[in-house]
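**Student:** Below is one structure. I have some questions about it.
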Amino acid sequence: MAAPMTNDQSCFFALALGVSFLKCLLINAYHSTDFEVHRNWLALTHSLPVPQWYYEATSEWTLDYPPLFAWFEYGLSHIAWFFDKEMLVVQNLNYASPATILFQRLSVIVADVVFFYAVKECCKCLREDKGKDLLGKPSFILTVLLLWNFGLLIVDHIHFQYNGFLFGVLLLSIARHFQNRHFEGALLFSVLFNLKHIYLYIAPAYGIYLLRCFCFTQSNADGSLQWRSFSVVRLVTLGTIVLSTFAVSFGPFIALGQLPQVLSRLFPFKRGLCHAYWAPNIWALYNIADKAFSILGVKFKLLDINKLPKASMTGGLVQEFQHSVLPSVSPLATLVCTLLSILPALFRIWHRPNGARGFLRCLVICALGSFMFGWHVHEKAILMAILPLSLLAVESREEARIFLILSITGHYSLFPLLFTTQELPIKIFLMLLFTIFSLTSLKTLFRKGGALLNPLEATYLLGLIPLELICEFVYPLTVWQKTFPFLPLMLTSVYCALGVTYAFIRLYISLLTCSDNTKKIKTQ
């Protein structure tokens, strides 16, 4: 006879069912061009032989994910056939019949089962007191922060992508490392990387952590490395796991002599420094500085306006461009900046690992460092830092503070993704709902010690309210709307970049100053 569900289990399933119902309500909401991207991938993987997958270019939305995701689309296409065969015709560009919309929306909702399972496993890794009531438990708060994450809801179930499924694999990998099941954790991350190569951002954290804390089996009393404890067997086993995954994924294309073509699709460096509108990172601040200098230069007759390059970066385009005054940034320069931004974190976990939580802090910094300094960063990549940081936010007061700043700022920076009028109240309501829960639950969890945010931080976050009013309601009524249509996007990116940069600095301080043996933090 099956054991009855506990209150915690009942609550988890209620939250999962509730958010699934909400996702179903959003089936007929606006969807972006990513909807057509994935429909096209369904069509080409279903209709064409494998050797043509990474050469097919009937649609402008060519296949640019790693092979494992292509096989994922191939599997989905066989179910899609029962909904509407016409969606699987490569030539049917921008095809969006009701059955196609229903299938693609449901495929994202069902794939989120992986995310649900991963969240449940992550909750098992938390340190919490047994006697607390449900609403005061870190596991309950974490469940809501993850399952009802605002960013995932709008990016996957309105804008349209499969991030929930992918983040499920990531969180499950993290949970396995917390559970000392390192081979499983490494396998899951290797699979994840072969599903979407953006997770290359956090690969250094995995590599250094596994080498330091798994391949070296012992540390000295002061926490320093014991070189004699190195295990060749563990290193070879990890290498075999990783290489086997890559062999399954890329092997057929290597055998076909298509590896250069696949890599050219995965890493299209001909795209510009910034994606669509500026993601809220250091390059948004760099771009606005360049614009300010060029305006001042023209005003004071230091620059000839006819010799300045056109400001293509303001028009939502992705081609290469040149800055007007400041040096133009190359892909190599962004790579160097990214590596420099994460090296101190990698150095820290090599010398003082601080267990799985030290690894998780390093992972978040790698994700955020790559977001801050990477080439052609998508605004949605901020979720790669926000979601893992949720695990630390329910156990540490300082990281709860950082989480509030990063999540509120990062989530607001996603607002321009939903630009249609009918989605405006939805995104505002869901953002408010998630933000109010985050603030109240974490404040209750860490009620000893005063407010989580200092006055300056609170004032900055409150500044998002007038920013939203200006961008959504005031600016469209002005005469500048036609002349400078990009201005609201620029304001949003630059304002949010300040908050993301601040959170990045605070996170680094937290990593470098945390004790080597983290004690359980009192939350009562």
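Per-residue answers, yes or no, for (1) buried (at least 19 other Cβ atoms within 10 Å of the Cβ); (2) part of a helix (DSSP H, G or I); (3) of a type in the set (A, V, I, L, M, F, W, C):
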| residue | (1), (2), (3) |
| --- | --- |
| T440 | no, yes, no |
| K448 | no, no, no |
| Y460 | no, yes, no |
| P488 | yes, yes, no |
| S493 | yes, yes, no |
| I505 | no, yes, yes |
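**Student:** Take the residues in segment 76-85 that are in contact (Cβ under 8 Å) with a residue 12 or more places away in the chain and open to solvent by 20 Å² or more (accessible area, probe 1.4 Å); name whichever of them is nearest to the chain's Cα centre (by Cα). Reasoning before the result, please.
**Tutor:** Restricting attention to segment 76-85, the residues satisfying the condition of being in contact (Cβ under 8 Å) with a residue 12 or more places away in the chain are 76-81, 83-84.
Checking the rest, the ones that are also open to solvent by 20 Å² or more (accessible area, probe 1.4 Å) come to 76, 78-79, 81, 83-84.
Details: L76: 23, H78: 29, I79: 28, W81: 31, F83: 31, D84: 32 Å.
Ranking the candidates gives L76 first.
**Student:** Please verify whether segment 165-179 includes one or more residues that are part of a loop (DSSP other than H, G, I, E, B), more than 15 Å from the chain's Cα centre (by Cα) and under 27 Å from T444 (Cβ atoms). It would help to see each step written out before you state the result.
**Tutor:** Filtering segment 165-179 for residues part of a loop (DSSP other than H, G, I, E, B) gives 179.
Right, trim to more than 15 Å from the chain's Cα centre (by Cα) and you get 179.
Still in the list and also under 27 Å from T444 (Cβ atoms): none.
No - not one qualifying residue is present in segment 165-179.
Quick grid of which residues meet (1) at pLDDT 90 or above; (2) surrounded by fewer than 20 Cβ atoms within 10 Å (Cβ to Cβ):
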residue	(1), (2)
V336	yes, yes
S341	yes, no
F347	yes, yes
G355	no, yes
G358	yes, no
K380	yes, no
V394	yes, no
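**Student:** Let me confirm something: among L360, L424, L343, L418, which residue is over 24 Å from F486 (Cβ atoms), among the aliphatic types (A, V, I, L, M) and in contact (Cβ under 8 Å) with a residue 24 or more places away in the chain? Steps first, answer last, please.
**Tutor:** Values: L424 fails: over 24 Å from F486 (Cβ atoms); L343 fails: in contact (Cβ under 8 Å) with a residue 24 or more places away in the chain; L418 fails: over 24 Å from F486 (Cβ atoms).
Only one candidate qualifies: L360.
**Student:** Kindly indicate the residue of segment 462-477 that is touching a helix residue (DSSP H, G or I) at 6+ places or on another chain (Cβ under 8 Å) and in a helix (DSSP H, G or I) and also surrounded by the most Cβ atoms within 10 Å (Cβ to Cβ) among those meeting that condition. Give the steps one after another, and end with the answer.
**Tutor:** Step one: filter segment 462-477 for residues touching a helix residue (DSSP H, G or I) at 6+ places or on another chain (Cβ under 8 Å), giving 463-464, 467-468, 470-472, 475.
Filter again for in a helix (DSSP H, G or I), leaving 464, 467-468, 470-472, 475.
Values: L464: 21, L467: 17, E468: 18, I470: 16, C471: 18, E472: 15, Y475: 16.
The extreme case among them is L464.
For (1) in contact with a helix residue (DSSP H, G or I) (Cβ under 6 Å, 6 or more places away or on another chain); (2) modelled with pLDDT of 95 or more, each residue gets a yes or a no:
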{"position": "A2", "(1), (2)": "no, no"}
{"position": "L17", "(1), (2)": "no, yes"}
{"position": "V37", "(1), (2)": "no, yes"}
{"position": "A43", "(1), (2)": "yes, yes"}
{"position": "E60", "(1), (2)": "no, no"}
{"position": "P66", "(1), (2)": "yes, yes"}
{"position": "F72", "(1), (2)": "no, yes"}
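**Student:** If you don't mind, there's one more thing I want to ask. Kindly list, by first and then second residue, each pair from a residue in segment 112-128 that is loosely packed, with under 15 Cβ neighbours inside 10 Å to a residue that is not in a helix (DSSP H, G or I) and not aromatic (F, W, Y), limited to pairs with Cβ atoms under 8 Å and residues at least 6 apart or on different chains.
**Tutor:** K124/Q179; R127/E395; R127/K520
**Student:** Report whether or not S20 is assigned by the TED database to the domain that holds I198, in a helix (DSSP H, G or I) and open to solvent by less than 10 Å² (accessible area, probe 1.4 Å).
**Tutor:** Numbers: assigned by the TED database to the domain that holds I198: yes; in a helix (DSSP H, G or I): yes; open to solvent by less than 10 Å² (accessible area, probe 1.4 Å): no.
No, not satisfied.
**Student:** Among the numbered criteria (1) in contact (Cβ under 8 Å) with a residue 40 or more places away in the chain; (2) open to solvent by 10 Å² or more (accessible area, probe 1.4 Å); (3) closer than 20 Å to F103 by Cα; (4) of a type in the set (F, W, Y), which one does W61 miss?
**Tutor:** Tallying (1) in contact (Cβ under 8 Å) with a residue 40 or more places away in the chain; (2) open to solvent by 10 Å² or more (accessible area, probe 1.4 Å); (3) closer than 20 Å to F103 by Cα; (4) of a type in the set (F, W, Y), W61 fails exactly one: (1).
**Student:** Would it be correct to say that E423 is outside the structural domain of T143 (by the TED database), charged (D, E, K, R), under 30 Å from D34 (Cα atoms) and open to solvent by 30 Å² or more (accessible area, probe 1.4 Å)? If you could, list the steps in order and put the result at the bottom.
**Tutor:** Numbers: outside the structural domain of T143 (by the TED database): yes; charged (D, E, K, R): yes; under 30 Å from D34 (Cα atoms): yes; open to solvent by 30 Å² or more (accessible area, probe 1.4 Å): no.
Answer is no for this residue.
**Student:** With the requirement that a residue be buried (at least 22 other Cβ atoms within 10 Å of the Cβ) and out of contact with any Gly (no Cβ under 9 Å at 6 or more places or on another chain), what does segment 167-180 give you? Outline the logic, then answer.
**Tutor:** Step one: of segment 167-180, the residues buried (at least 22 other Cβ atoms within 10 Å of the Cβ) are 167-168, 170-177.
Residues satisfying the conditions are F167, G168, L170, L171.
**Student:** Evaluate segment 9-16: report whether one residue or more is closer than 21 Å to L102 by Cα and exposed (fewer than 15 other Cβ atoms within 10 Å of the Cβ). Before the answer, list the steps.
**Tutor:** Here is the first cut: in segment 9-16, the residues closer than 21 Å to L102 by Cα are 16.
If we keep only those that are exposed (fewer than 15 other Cβ atoms within 10 Å of the Cβ) too, we end up with none.
No, that holds for no residue.
**Student:** Going through segment 97-109 one residue at a time, which ones are surrounded by 15 or more Cβ atoms within 10 Å (Cβ to Cβ), under 17 Å from D156 (Cα atoms) and among the aliphatic types (A, V, I, L, M)?
**Tutor:** Restricting attention to segment 97-109, the residues satisfying the condition of being surrounded by 15 or more Cβ atoms within 10 Å (Cβ to Cβ) are 99-101, 103-109.
Add one more test, that the residue is under 17 Å from D156 (Cα atoms), and what stays is 100-101, 103-109.
Of everything in segment 97-109, those that are surrounded by 15 or more Cβ atoms within 10 Å (Cβ to Cβ), under 17 Å from D156 (Cα atoms) and among the aliphatic types (A, V, I, L, M) turn out to be I101, L106, V108, I109.
**Student:** Considering segment 134-166 alone, what residues qualify as being of a type in the set (A, V, I, L, M) and open to solvent by less than 10 Å² (accessible area, probe 1.4 Å)? Give the steps one after another, and end with the answer.
**Tutor:** The initial filter retains those residues of segment 134-166 that are of a type in the set (A, V, I, L, M), namely 134-135, 141-142, 144-147, 152-155, 158, 166.
Once the filter is applied, which keeps residues that are of a type in the set (A, V, I, L, M) and open to solvent by less than 10 Å² (accessible area, probe 1.4 Å), segment 134-166 yields I141, L142, L145, L146, L147, L153, I154, V155, I158, L166.
The values are calculated or read from the model by the stated rules, or taken from the named source; none is laboratory data. Being a predicted model, the structure only gives us computed values, none of them experimental. Cβ coordinates were reconstructed from backbone atoms using ideal geometry, including for glycine residues, and neighbour counts include every protein chain displayed. These area figures cover heavy atoms from the full protein model, side chains too; ligands, DNA and RNA do not enter into them. Shrake-Rupley method; radii C 1.70, N 1.55, O 1.52, S 1.80 Å.
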